[in-house]
Amino acid sequence: MNNIVLDVAIGLTFIYLLYSLLASTVNEFIAMILAYRHRMLEKAIEQMLDGKNFSYFWWDKVANGFLWLFQLKKRKNSSEVAKQIIDDKTKPNPIPVSKSDFFRTCYINKNRENTDVHIKRRKLNEKAKLFAANITNHPLYRRKSEDSFLYKKPAYLTASAFSDILFDILGNRQSEKNSSPILMSDIKAYVNTNLNSDDRKDLKSILNVYIEQANGDVQKFKLLLEDWYDASMNRVTGWYKRQATKVLFGIGLVLAFTFNISTIEIVHKLSVNKDLRESMAQSASNYVEQKNKQINNTSEGKPDTSLKAAEKQIKDIQKLYNDTIAEVNMMMGLGWNFPDKDLNQSYYLVPKCMEQNFNKVLYILSESFEHPRNWIGFLITALAITLGAPFWFDLLNKFVNIRAGGNKPSEDAGSSSTTTVSKTISLNQKPDPKSFA
């Protein structure tokens, strides 16, 4: 079946699919480097136990570094005052704050009267005060840490591991101290004694509900904690998807501007050029057929967040571009033709080695925003990329089947009725063998 509208739709969907795959791979690489999953897990545990959370990023570490330097300078300038305090035995003796003390502790108890010396640190003091800090500082939690670039904490925690950690904390680490088993009476005593502050009353009420439901049964109490954890993690999936959508939109905009992927221009080229339409439709059909065979032999697993996986993502990005996207770009004429005269301009604040790249960026921005048609086309492309590669692959599969005339009907012996079986496959789901005729 040859139809202009269908062929244009196939070509446009094919381009959306390829760049959605590229954007998803870049997004996954960014997520591994910046440890999105690690941070989301910690955020979920804090929200679950304390009803609030404090995100801690690299810029907070930089701010804490400056605070530490300021603290050292302040201590150095007050050395004479400190000497007088030391000579006077009736006054407390302040101890200089070391780097390890500053970054690892919230309050320092190192003076003669054992009074707290508060150290200002950006967000870390607030995180240290949360009850969730007992979870994230527990040995079982720290041992699950993965080799991430900026965040040495686990990206996944099973419900059973969470219940074991929380049960140990609520039991006041009794099994570690005197090797005796933790009883529900110990849990109840800890909850009623240590969770009386205003910011922990909600947690106390929740735990007391589970304690009453357990009715003295330790295993039932742990199962209730696991159900609570699983329900909270279901919300985390929604958080991560919303965050991924925002990042995908940003990546989509960058790709649209960088490769000159305007939806309006693509539709115009495909609608007026018959040979281009047929070439794109044939390339899309071959791509779908190849990917369907690969999907039959793959299975879905838990995403790898290690540094080696990040290196693999870089190779996947290069392979995807070199094997498919570069050919499609050449076929469609996507990209920018930079005039030499505009690339040789010099700027006072721009280094010589970066002048050409800087001029390319200026040229792209000027051309993109010269007419509303250009940036509207880029915006549509970015919005399309946020729908994700599985959506566009499923849609392309349907378009290709329609163009091919549909699937052949299967005839049953002794029956005149025919049935058509859909073979639509999504990228992130292994197909069911029973769904094929």
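The values are calculated or read from the model by the stated rules, or taken from the named source; none is laboratory data. In this text the structure is predicted, and so the values were computed from the model without any measurement. Cβ sites come from the backbone with ideal geometry, for glycine too, and all protein chains shown count toward neighbours. To get the accessible areas, we keep the full protein, side chains included, count just its heavy atoms, and leave off ligands, DNA and RNA. Shrake-Rupley method; radii C 1.70, N 1.55, O 1.52, S 1.80 Å.
Round to a whole angstrom and tell me the spacing of the C-alpha centers of the range 1-31 and the range 197-226.
With the range 1-31 and the range 197-226 each reduced to a Cα centre, they are spaced 49 Å.
Grab the other residues whose beta carbon is less than 14 angstrom from that of SER283, score K and R as +1, D and E as -1, and report the net.
Details: positive: ARG277, LYS291, ARG403; negative: ASP7, ASP275, GLU278, GLU289, ASP323, GLU327.
Summing Lys/Arg as +1 and Asp/Glu as -1 gives -3.
For the range 145-296, with only Lys/Arg (+1) and Asp/Glu (-1) charged at the beta-carbon, what is the dipole magnitude about the Cα centre, in debye rounded to 20? Working shown, then result.
Values: 19 positive and 18 negative charges, 87 e Å.
Here the size comes out at about 420 debye.
Rounded to the nearest 0.05, what FRET efficiency do ASP323 and ARG242 have when you use their Cβ-Cβ distance and R0 = 45 Å? Don't skip to the end; give the middle numbers.
Values: r = 32 Å, r/R0 = 0.70.
The value I calculate is 0.90.
Can you work out the FRET efficiency for the pair TRP336 and SER180, with r the C-beta to C-beta distance and R0 = 60 Å, to the nearest 0.05? Mind dumping the intermediate values first?
Values: r = 72 Å, r/R0 = 1.20.
Once rounded, the FRET efficiency stands at 0.25.
Would you mind computing, in nm to one decimal, how far apart the modelled labels at ASN172 and ARG142 are, each placed 7 Å from Cα along Cα→Cβ?
Going by the 7 Å Cα→Cβ label model, 2.3 nm.
Between PHE66 and ILE33, what's the calculated FRET efficiency when r is the beta-carbon distance and R0 is 22 Å? Round to 0.05.
Numbers: r = 24 Å, r/R0 = 1.09.
According to the calculation, E is roughly 0.40.
For GLU126 and ASP275 in the same chain, what is the full-extension length gain: residue separation times 0.36 nm, less their Cα-Cα distance, in nm?
Working: separation 149, 0.36 × 149 = 53.64 nm, distance 6.32 nm.
So the chain would gain 47.3 nm between GLU126 and ASP275.
When the Karplus curve 6.51 cos²θ - 1.76 cosθ + 1.60 is applied with θ = phi - 60°, which whole-Hz ³J(HN,Hα) does each residue of the range 242-247 get, with x for Gly and Pro?
3J(HN,Hα) across the range 242-247, in whole Hz: 5, 5, 5, 5, 5, 5.
Past 31 Å, Cα to Cα: identify those pairs from LYS152/LYS293; LYS129/LYS220; LYS153/LYS360; LYS153/LYS201; LYS153/LYS246, in the order given.
On the way: LYS152/LYS293 38 Å; LYS129/LYS220 29 Å; LYS153/LYS360 40 Å; LYS153/LYS201 28 Å; LYS153/LYS246 24 Å.
Too far apart for the 31 Å limit: LYS152/LYS293; LYS153/LYS360.
Ignoring everything but the protein chains, give the 1.4 Å probe accessible area of PHE66 in square angstrom, nearest 10.
Surface accessible to solvent at PHE66 totals approximately 140 Å².
Provide the gained length on full extension for the span SER55 to ILE206, in nm with one decimal, where the gain is 0.36 nm per separating residue minus the Cα-Cα distance.
Going from the current span to full extension adds 51.9 nm.
Per residue of the range 49-54, in order, report the coupling 6.51 cos²θ - 1.76 cosθ + 1.60 (Karplus, θ = phi - 60°) as ³J(HN,Hα) in whole Hz, putting x for Gly and Pro.
Karplus-based 3J(HN,Hα) across the range 49-54 equals 8, 10, x, 7, 8, 10 Hz.
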